[in-house]
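As structure tokens, the structure follows; a few thoughts come after it.
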Amino acid sequence: MDRIRILLADDDRTFCELTGSLLIRAGYHAFSAQNIPQARSMLAAGDYDILMLDLCFPALSDGFELLEEVRDKLPQLLILMISGSGSNDDVVRAIKNGAHDFITKPIEPESLLVRIQNLGDRILKQRQIKALEHSAIAMVGVSDSLRKVFDHISAAAKTDLPVLITGETGVGKELAARAIHKLSAWGGHDMVSINCASVPKELFEAELFGYAKGAFTGAVSSFKGYFEFARDSSFFLDEISELPLNVQAKLLRVLSEGEVQRLGGKVDTVRTRVISASNADLPALVKIGAFRQDLYYRLDSLHIHIPPLRQRPEDITPLASHFLSDFCRRKQLPPKEISPRAEVWLAEQAWPGNARELKNCVERAAVLSQRDALMPEDFLAVDEEPDPSGLEPGTLRESLRKYEERLICLHLKANHYNVTQTARQLGIDKSNLWKRIHALGIDLGAESGN
């Protein structure tokens with residue numbers, strides 16, 4: 001990740017040189033400006049993370065004017081104000097005008113580095129969140145539970161410990177794995193991944209660890225396994241519960257000793273970071289002997305659980321909007337949005353397939369709907385034809401009745417049970433809607449409106 005860039009604006013050249021050297025030795029990029037015009041010019045031309053701004057310049061009574069300019073034009077820039085007086089009035093005014101911290105001369109090097117470190121931590125966290133939301137991994141959400149997942153991803157990315165990601169199908173376990181990899185020191189390399197459920201049991205060992213020439217009949221040349229491809233990178237094993245017991249023992253050796261051995265070959269050391277995922281209950285599999293306990297503890301060094309979408313309904317609207325805008329952009333479709341009524345409907349669904357199901361539903365609606373703002377009915381689709389052998393007399397009529405009841409209830413709820421507005425939206429007379437409500441036995445209770 002790029003080093004933090006700091007601009008030091010102070011008319012004291014010696015102070016700038018000494019402080020700049022201190023910051024560079026601490027691992028930062030440091031630049032200096034000896035007057036306000038120069039600082040303005042450098043801020044306009046460069047991309048800085050922190051501005052260290054002195055209050056007093058010869059040609060300007062104080063630095064508050066520049067502080068206010070920066071606050072309005074560069075809101076993402078963090079500002080550390082510097083003063084020779086340290087009066088309480090200056091501190092209060094600086095903070096109120098947008099400064100993030102304040103330090104008084106003479107400055108102790110240790111005190112300055114602590115303050116810069118605190119600001120730097122904020123910047124790195126902002127970068128990580130931005131990377132999570134705007135890169136190809138596209139993890140989007142606003143719920144507290146998902147923010148906790150983001151925090152765990154950020155923490156995991158700082159280490160090379162094995163990570164186990166759990167959650168139902170479709171919650172985004174692979175996206176989380178890619179986020180960890182991308183934010184880690186190995187993010188510049190491609191992550192290697194495998195779905196353990198897709199590999200035949202008899203080929204597992206060869207696929208993961210490779211084999212040497214002549215290891216068995218037909219091995220006319222050496223074959224490099226996944227672990228060797230993942231050298232100095234991350235290796236993601238999805239559906240780890242499907243790993244055969246004999247291969248689990250060899251995986252444990254990789255995690256414990258950092259060693260791999262091709263079939264019929266020599267032992268070799270490999271440096272890789274293992275990230276695994278499962279929608280199964282691994283502790284339960286351990287109890288029945290279907291999964292090694294020692295391997296489970298190794299894989300579970302860091303654990304990230306992603307809750308299902310139904311437990312974080314506040315994430316549904318931003319996630320659906322992201323899927324919609326991304327799909328329209330990629331497919332070069334006219335921009336569309338999700339109507340407030342559709343947002344209500346989407347938030348009320350259970351989404352057993354989680355984000356994957358939501359994505360498919362949104363993309364289908366974007367293709368089929370002719371509206372600029374998607375409505376609830378745009379997300380309702382009959383995807384499968386009924387099996388004629390299973391039909392009984394009256395089935396079609398009953399199915400149509402249930403669908404009509406569901407559609408009317410959906411629109412009534414979206415319109416806060418206002419019958420007039422619901423009839424207008426459905427394109428029927430209000431009297432006819434009342435007849436259908438009574439015929440279908442829909443109970444409006446005390447919530448109905450005119």
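Data table
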quantity: Wholly enclosed helices (runs of 4 or more DSSP H) of the stretch 67-160 bearing at least 2 residues at pLDDT below 80 and not assigned by TED's automatic domain parsing to the domain that holds VAL270; calculated: 88-96, 109-134
quantity: Number of the exception - ASP47 against (1) surrounded by 20 or more Cβ atoms within 10 Å (Cβ to Cβ); (2) assigned to a loop (DSSP other than H, G, I, E, B); calculated: (1)
quantity: Test: SER321 is in contact (Cβ under 8 Å) with a residue 12 or more places away in the chain, among the polar types (S, T, N, Q) and not in a helix (DSSP H, G or I); calculated: no
quantity: Wholly enclosed helices (runs of 4 or more DSSP H) of the stretch 190-284 bearing at least 1 residues of a type in the set (Ser, Thr, Tyr) and closer than 24 Å to ARG178 by Cα; calculated: 226-229, 245-257
quantity: Sole exception among (1) at pLDDT 90 or above; (2) more than 31 Å from the chain's Cα centre (by Cα) for TYR28, by number; calculated: (2)
quantity: Residue list for the stretch 353-384, filter: surrounded by fewer than 20 Cβ atoms within 10 Å (Cβ to Cβ) and in contact (Cβ under 8 Å) with a residue 60 or more places away in the chain; calculated: GLY353, ARG356, GLU357
quantity: Failed criterion for LEU175 (all others in (1) part of a strand (DSSP E or B); (2) surrounded by fewer than 20 Cβ atoms within 10 Å (Cβ to Cβ) hold); calculated: (1)
quantity: Long-range neighbours under 7 Å by Cβ, at least six apart or interchain, first residue outside the structural domain of GLU205 (by TED's automatic domain parsing) and on the phi < 0 side of the Ramachandran plot within the stretch 250-261, second assigned to a helix (DSSP H, G or I) and among the aliphatic types (A, V, I, L, M); calculated: none
quantity: Any hit, the stretch 6-23, residues being touching a His at 6+ places or on another chain (Cβ under 8 Å), under 15 Å from ASP101 (Cα atoms) and buried (at least 20 other Cβ atoms within 10 Å of the Cβ); calculated: yes
quantity: Neighbours by Cβ (under 8 Å, 6+ apart or cross-chain): first from the stretch 408-419, in contact (Cβ under 8 Å) with a residue 40 or more places away in the chain; second aromatic (Phe, Trp, Tyr); calculated: LEU410/TRP345; ALA414/TRP345
quantity: Residues (modelled with pLDDT of 95 or more and in a loop (DSSP other than H, G, I, E, B)) located in the stretch 291-313; calculated: PHE291, ARG292, ASP300, SER301, ILE306, PRO307, PRO308
quantity: Exclusive hit being modelled with pLDDT under 90, in contact with a helix residue (DSSP H, G or I) (Cβ under 7 Å, 6 or more places away or on another chain) and among the β-branched types (Val, Ile, Thr), set VAL274, VAL260, VAL247; calculated: VAL260
quantity: Filter result (surrounded by 15 or more Cβ atoms within 10 Å (Cβ to Cβ) and either in contact with a strand residue (DSSP E or B) (Cβ under 6 Å, 6 or more places away or on another chain) or more than 22 Å from THR166 (Cβ to Cβ) (or both)) within the stretch 240-252; calculated: ILE240, SER241, LYS250
quantity: Residue in the stretch 283-304 that is nearest to PHE216 (Cα to Cα), counting only those that are basic (Lys, Arg) and buried (at least 16 other Cβ atoms within 10 Å of the Cβ); calculated: ARG292
quantity: Enumeration of residues in the stretch 73-90 that are surrounded by fewer than 18 Cβ atoms within 10 Å (Cβ to Cβ) and either aromatic (Phe, Trp, Tyr) or without any contact (Cβ under 8 Å) to a residue 40 or more places away in the chain (or both); calculated: LYS73, LEU74, PRO75, GLY84, SER85, GLY86, SER87, ASN88, ASP89
quantity: Residues satisfying the stated conditions in the stretch 268-279, i.e. closer than 20 Å to ASP190 by Cα and within 32 Å of the chain's Cα centre (by Cα); calculated: VAL270, ARG271, THR272, ARG273, VAL274, ILE275, SER276, ALA277
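Residues are listed down the side, and each one gets a yes or a no for (1) under 16 Å from the mean Cα position of the chain (by Cα); (2) surrounded by 15 or more Cβ atoms within 10 Å (Cβ to Cβ):
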| site | (1), (2) |
| --- | --- |
| ARG262 | no, yes |
| LYS266 | no, no |
| ASP281 | no, no |
| ILE306 | yes, yes |
| LEU309 | yes, yes |
| GLU314 | yes, no |
| ALA320 | yes, yes |
| LEU324 | no, yes |
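A quick yes/no check of all residues on (1) aromatic (Phe, Trp, Tyr); (2) in contact (Cβ under 8 Å) with a residue 24 or more places away in the chain:
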| site | (1), (2) |
| --- | --- |
| ARG147 | no, no |
| LEU161 | no, yes |
| ILE165 | no, yes |
| ARG178 | no, yes |
| HIS181 | no, yes |
| TRP186 | yes, yes |
| ASP190 | no, yes |
| LEU203 | no, no |
| ALA206 | no, yes |
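The values are calculated or read from the model by the stated rules, or taken from the named source; none is laboratory data. What you see is a predicted model; the values in this text were computed from it and never measured. Cβ sites come from the backbone with ideal geometry, for glycine too, and all protein chains shown count toward neighbours.
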